[in-house]
Amino acid sequence: MKVLPEFCPNETETIASNAFALPDGLIGFAGYTHAELLYDPKHLPFLWMKLHGPAGSVNFVVLEPGGLIPDYELELFDADAAALDLGGPAEAMVLNIVTLNPQRPLAGTVNLIGPIVVNRRTRVGRQLVIANHSLYSARHPLVDEAADAGRVSA
């Protein structure tokens with residue numbers, strides 16, 4: 001199943017709650033099965049994904065890739081789409097984990113091969129390896145540093 005990351009639900013399709021379940025947790029965080037998205041309008045497109053688990057909570061910076069990552073068209077394995085009970089691409093919310101380096105903020109990366117896909121209808125999500133993973137990187141640069149350096153020196 002192809003997932004369209006640029007999909008934006010209309011107001012009637014928006015989930016009222018920002019909480020969702022992650023029955024399998026995330027890679028390295030198996031016991032963290034409940035999550036919520038938090039955001040500050042000043043920090044968009046970045047969101048905080050707060051995971052709740054046995055040792056308290058853990059936070060990740062995530063983003064929805066639609067419109068931000070050119071040509072990102074992820075494909076799910078049929079078994080993953082079925083496990084999430086996705087009725088179609090519009091039901092999938094895609095969240096990609098961002099890695100930031102405080103010493104080099106422009107060197108931030110985003111994981112494009114292991115997104116968290118959440119069924120908007122059921123509010124259940126899973127971290128998946130996408131079927132077309134060979135086209136993308138787990139360390140996709142958020143900013144093209146060469147282009148950014150050109151803007152600074154100009």
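Read-outs: derived from the displayed coordinates by stated rules, not from any lab. The shown structure was predicted, so the numbers you read here are calculated from the model rather than taken from an experiment. No Cβ is skipped: glycine too gets one built from the backbone with ideal geometry, and neighbour counts run over all protein chains shown.
Worth a mention:
- Matching option when the condition is in contact with a strand residue (DSSP E or B) (Cβ under 9 Å, 6 or more places away or on another chain), part of a helix (DSSP H, G or I) and among the charged types (D, E, K, R), among Asp85, Asp80: Asp80
- Looking only at segment 99-136, and only at residues there that are touching a residue at least 12 places away in the same chain (Cβ under 8 Å) and of a type in the set (D, E, K, R), the one that is farthest from Gly28 (Cα to Cα): Arg121
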